[in-house]
Structure formats: C-alpha cells, structure tokens
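The values are calculated or read from the model by the stated rules, or taken from the named source; none is laboratory data. Source: prediction; values computed, not measured. Please note: Cβ atoms are built from the backbone with ideal geometry, for glycine as well, and neighbour counts cover all protein chains shown. Side chains included, ligands, DNA and RNA excluded: accessible areas come from the protein's heavy atoms. Shrake-Rupley method; radii C 1.70, N 1.55, O 1.52, S 1.80 Å.
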Amino acid sequence: MRRPLVAGNWKMNGSRAGIKGLLEAVRADAVQTPGVDIAVCPPFVYLADVEAALKGCAVAWGGQNLCQETGAGAFTGEISGEMLRDFGCRYVIIGHSERRALYGESDAMVARKFLAANAAGLIPIVCVGELLEEREAGTTEAVIARQLDAVLEVVDATDALARAVIAYEPVWAIGTGRTATPAQAQDVHDFIRPRVARRDKDAAAALRILYGGSVKGSNAAELFAMADIDGGLIGGASLKAEEFLEICLAAQSA
Ligand code: PGA
C-alpha cells in the first residue's frame, strides 16, 4: 500500500508576510490527515521561514529546482542539493514543464538533477508530461517514455528509484483549469509504472506517481480514487488554504 503524497508547488508566488497564514493552515492540515504525506515547495528565499514555521510538525518541505552540480563552486545563481538539505528540505521538484519550456532544461539535464538530488539525500519529484499537440498527435506515451527513460538510464541504485516520486503533469492541464480526466491520468500512470518495472519490479510497486494539472478540492477525490494515482502535485490550489486542505482530505479518504 503506497502512502499518498500531496505536494504544493508554490511556483513564484508569495511574500514573507503572505505565507505566514498559509503555513499555519498547512500545519493544521497535517493533524487532520495523518494518513497522508504533505509537503510544500516554496521559492528558495522563503525556505528559512518555512522551516521555522513547519519544524516539528508532519508537513515536509522542498525546493522547486536544484543545481545539477554537487558540492560548491562557481555556479552563479544556483542552489545545490546540499543547501536544500541545510534548510531541512526533504523533497525537490525536478524537470517541471515550466523549467523545461522556459529555461531549456533537457532530459539529460533532468537526469543529472535526479542524481544530484539523490546524492544530497533529497527525494526527487520528477515531472513528466506531454504538450497538447503531442497528445493530439497520439505521441503521449512516446514523450513520457523519453522523459522517463532519461532518468531510468542513469539511476544505479534501485532503492533511489523506489523512494523517488514521479509526477505526471500533462502540460495542457497545468494552470489552465482543464484537468485530465481520471481515466486519462490513470492510463498514463499505468504506462509509467510498468516502464519503471522493466528496470525494477519492487521499486515500481513502491513508487509514488502523482498527478498534477489543475487539481482542486472539487476534482481531487475522483483522481485519487484511481489505482495508480498516489496523490497530487498541486500548483494554484496549494496557495489557497481551504482548497489545499480539501485536496489533502481527498487523499486521506482515497
Ligand atoms: P496547477 O499547477 O495545479 O496550477 O495546474 C500544477 C503544477 O504545475 O505543478
């Protein structure tokens, strides 16, 4: 039985003052949903505030990105996995479609980031997902396979694979209000798990595969009810305390 994970991706949102109330609410959510792992991924500059606000409660936190280089050095503007660990991060999002599309992150770069996350002891949340044109052209599985294989090819310890998280986020559903249907999402999750199983069966069975893309309180339950959907990566709705709680409650009762 995989424990559900609901992770909030705050993207480039928030202010020091503004996140206080949200963090208090998220802290309270964990008490109501003991069967669910909850995490928030704020912008880097708020990690110290998030750590101070969430320390000692069951909610974890993580980065939205990390540098593919390990150790320290001349990488202006970058944040290492070790630095994220220094601020108590458990997770790090890797290969989000916005990073791929707006910042040119290639599959190879995402694979390097996966290794850097593992080396730092972080749990990578690897995002994969097709564009609308790709779905319409019938190439969804080929795209997901390419993105996934880039990571599977570099992982050498299968325990790293078992503890990793994959997030299936169809690009056409992110921030658009257009959610994949539960059946559409399940189909892709049920493509991802056997593909990972070709590499390691036990790791595939333990692997949590999240769905992301316009998840809200009102559609979370039907998505999380699907056999291979193990929670969600939540953008916009993670900034609204009530919506986020509703999503966590849906994961609790799934
Ligand atoms: P959304 O974003 O929930 O706002 O669609 C999801 C994501 O980009 O992780």
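Considering only the other residues whose Cβ falls under 12 Å of the Cβ of Ile79, what net charge follows from Lys and Arg at +1 and Asp and Glu at -1?
That works out to -2.
What is the set of long-range amide H partners of Gly232 at a cut-off below 5 Å, with H atoms built 1.01 Å from backbone N?
Placed amide hydrogens put Leu5, Val6, Ala7, Tyr211 under 5 Å from Gly232.
Choose one answer from Gly71, Gly212, Gly95: the residue with the largest mean-square fluctuation in a GNM of the chain with alpha-carbon springs under 10 Å.
Its mean-square fluctuation being the largest, the pick is Gly71.
Normalising by the residue count of segment 83-161, find the relative contact order in percent from Cα pairs under 8 Å and 6+ residues apart.
Worked out over segment 83-161, it gives 34 percent.
Which whole-number percent is the relative contact order of the chain (Cα, under 8 Å, 6+ apart)?
RCO, the chain: 21 percent.
Note down the accessible area of Arg135, probe 1.4 Å, to the nearest 10 Å².
In the full protein context, Arg135 sits at about 60 Å².
Mind putting together the pair-distance distribution for segment 65-109? All Cα pairs, 5 Å bins, whole percent per bin, short to long.
Percent of pairs per bin, in order: 5, 21, 28, 23, 19, 5.
Treating only the Cα positions of segment 5-253 as identical point scatterers, give the base-10 log of I(q)/I(0) from the Debye formula at each q in 0.07, 0.08, 0.11 Å⁻¹.
Scattering profile of segment 5-253, log10 relative to I(0): -0.20, -0.27, -0.52.
Please build a GNM for the chain, connecting alpha carbons under 10 Å apart, and tell me which residue among Ala225, Ala204, Ala157 fluctuates the most.
Judging by the Gaussian network model, the answer is Ala157.
Let me have the 222 nm mean residue ellipticity of the chain computed from DSSP H runs of 4+ only, each contributing -39500 (n - 2.57), with the sum over all residues rounded to the nearest 500.
Calculated from helices alone, the mean residue ellipticity at 222 nm is -13000 deg cm²/dmol.
Can I get the semi-axes of segment 133-254's equivalent ellipsoid? Compute them from the C-alpha gyration tensor as square roots of 5 times the eigenvalues, in angstrom, largest first.
24, 18, 12
How many lysine pairs in the chain, separated by 8 or more positions in sequence or lying on different chains, have Cα atoms less than 24 Å apart?
11
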